[in-house]
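The values are calculated or read from the model by the stated rules, or taken from the named source; none is laboratory data. The shown structure was predicted, so the numbers you read here are calculated from the model rather than taken from an experiment. Here the Cβ is made from the backbone with ideal geometry for all residues, glycine too, and neighbour counts use every protein chain on show.
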Amino acid sequence: MTEVFDLTCDLISCSSETPDDGGCQQLIAERLETTGFSINHLPFGPVSNMWARIGGGEPLVVFAGHTDVVPPGPINQWKSPPFQPTVHGQYLYGRGAADMKSSLAAMVVATERFVLGHPDHAGSIGFLITSDEEGEARDGTVKVIDYLEKQGTQIDMCVVGEPSSAEKIGDVVRVGRRGSLNGLVRFIGEQGHVAYPDQTRNPIHAAITALAQLVTRDWDSGNEHFPPTTFQISNMSAGTGAENVIPGELHARFNFRFNTEQNDQTLKEIVENHLLHIDPGFEVTFDWRLSGQPFLTKQGRLLEAVQAAIRNVASLEPELSTSGGTSDGRFIAPTGAEVVELGPVNASIHKINERVLIDDLEPLARMYEHILFRLLC
Ligand SMILES: [Zn+2]
């Protein structure tokens, strides 16, 4: 098989359920060190992080990714053990095969080839690797970015290896992500007997109408780069279990995926104003957690290099997308870096029998190598 295939297999063999790194970063560090990189291991709590750099000049082009994976789920439903890389037909199976050990392997191999072929390249290359992307993402990329900012290191351009492709390698790249804002609202009324409603205040009745208005509200119609903002209720609980009791409290959790037409402050104000004024008889309290601001990388040096690489290797014109969940790009983009996500086909990520097409591995490495060539030669 190929170099990318072999390194992908080695990485899958490291059992690295989030936030465990399972030894992946040591493997990557050894390869990069041999290539001439200086390595900084930056552990925070249970999380392994790594910053590696070669060269001191500008621009600084960074490959970013994560070594942790989501839990495999029921092992007996896998065709082969999830942490034992196995070929079935044209695919390599294993947890992390697509998200995102194959892109890490392709980035390492691409960089080795590029540095060997162009020892006098301009600028610098960095690797920002964490084992805390699939979990809470509190001790991972966000902390490494803090460290780099304190050092005065500015990332100019960053390729994140998240599995962006839909059907063919390179058919979709992500140039931004929606923001994500989580909320918890508590409606506090007064518990009592269902037969005597006038002696109670039923928080369910108050909440359902008010929340329904938020669900059906037209938040915006999106823009050229982003779909409309959405409001989704994910959890709702109230009730004591008894048929004859009106409960005293209702809790609802909800999430906004919002575009660049919105900001988190305005969304919070709209929700709070709406729900605080439903009925003076209810106490309503809120908890908010912003998990990422929206970002967008416009046409520029990086995006042009990525498009050229995909055209060159796969003869495709990639769709520029901002859909999908959040990624660590949300921590890197606010530093002013151009951020584009390019990685394997995402059809099987987080599923049982996660897999990657073996024939996609080398082309992905050639795309990454071509990006370096366009930006640093
Ligand atoms: Zn991922």
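Which of the residues belonging to the range 129-176 are within 16 Å of the ligand (Cβ to nearest atom) and among the hydroxyl-bearing types (Ser, Thr, Tyr)?
Matches in the range 129-176: 130, 131, 141, 164, 165.
Just to check your reading of the model, which residue among 343, 325 is at pLDDT below 95 and assigned to a loop (DSSP other than H, G, I, E, B)? Working first, answer last.
On the way: 343 fails: at pLDDT below 95.
Result: 325 is the single residue among 343, 325 that is at pLDDT below 95 and assigned to a loop (DSSP other than H, G, I, E, B).
Filter the range 310-332 down to the residues that are among the small types (Gly, Ala, Ser) and more than 16 Å from the ligand (Cβ to nearest atom) and list them by number. Show your work before the answer.
Going residue by residue through the range 310-332, those that are among the small types (Gly, Ala, Ser) are 314-315, 321, 323-325, 327, 329.
Selection gives 314, 315.
Looking at 345, 340, 306 in this structure, which one is touching a Cys at 6+ places or on another chain (Cβ under 8 Å) and assigned by TED's automatic domain parsing to the domain that holds residue 144? Before you say what the answer is, go through the steps one by one.
Details: 345 fails: touching a Cys at 6+ places or on another chain (Cβ under 8 Å); 306 fails: touching a Cys at 6+ places or on another chain (Cβ under 8 Å).
Answer to the check: 340.
So, in the range 37-72, exactly how many residues are within 16 Å of the ligand (Cβ to nearest atom), hydrophobic (A, V, I, L, M, F, W, C) and not in a strand (DSSP E or B)?
1
From the list 179, 126, which one is modelled with pLDDT under 95, more than 16 Å from the ligand (Cβ to nearest atom), touching a Leu at 6+ places or on another chain (Cβ under 8 Å) and at negative phi? Don't jump to the end; show me each part of the working.
Numbers: 126 fails: modelled with pLDDT under 95.
The unique qualifying residue is 179.
Residue pairs, Cβ under 7 Å, 6 or more apart or interchain, first in the range 338-351 and in contact (Cβ under 8 Å) with a residue 12 or more places away in the chain and among the hydroxyl-bearing types (Ser, Thr, Tyr), second outside any loop (DSSP other than H, G, I, E, B) and within 9 Å of the ligand (Cβ to nearest atom). List them.
348/98
Evaluate the following for residue 48: is it buried (at least 19 other Cβ atoms within 10 Å of the Cβ) and within 21 Å of the chain's Cα centre (by Cα)?
So residue 48 fits the description; yes.
For residues that are of a type in the set (Ser, Thr, Tyr) and under 19 Å from residue 35 (Cα atoms), scanning just the range 99-123, find the one that is farthest from the ligand (Cβ to nearest atom).
Applying the filter and picking the extreme gives 111.
Across the range 1-41, what is the total count of residues that are surrounded by fewer than 19 Cβ atoms within 10 Å (Cβ to Cβ) and touching a Lys or Arg at 6+ places or on another chain (Cβ under 7 Å)?
Qualifying residue count for the region: 1.
Which condition breaks for residue 75 when tested against (1) away from the ligand (no atom under 16 Å from the Cβ); (2) hydrophobic (A, V, I, L, M, F, W, C); (3) in contact (Cβ under 8 Å) with a residue 60 or more places away in the chain?
(3)
Scan the range 110-124 residue by residue and report those that are of a type in the set (A, V, I, L, M, F, W, C) and either crowded, with 19+ Cβ neighbours inside 10 Å or not in a helix (DSSP H, G or I) (or both). Working first, answer last.
Going through the range 110-124, the residues of a type in the set (A, V, I, L, M, F, W, C) turn out to be 110, 114-116, 122.
Selection gives 110, 114, 115, 122.
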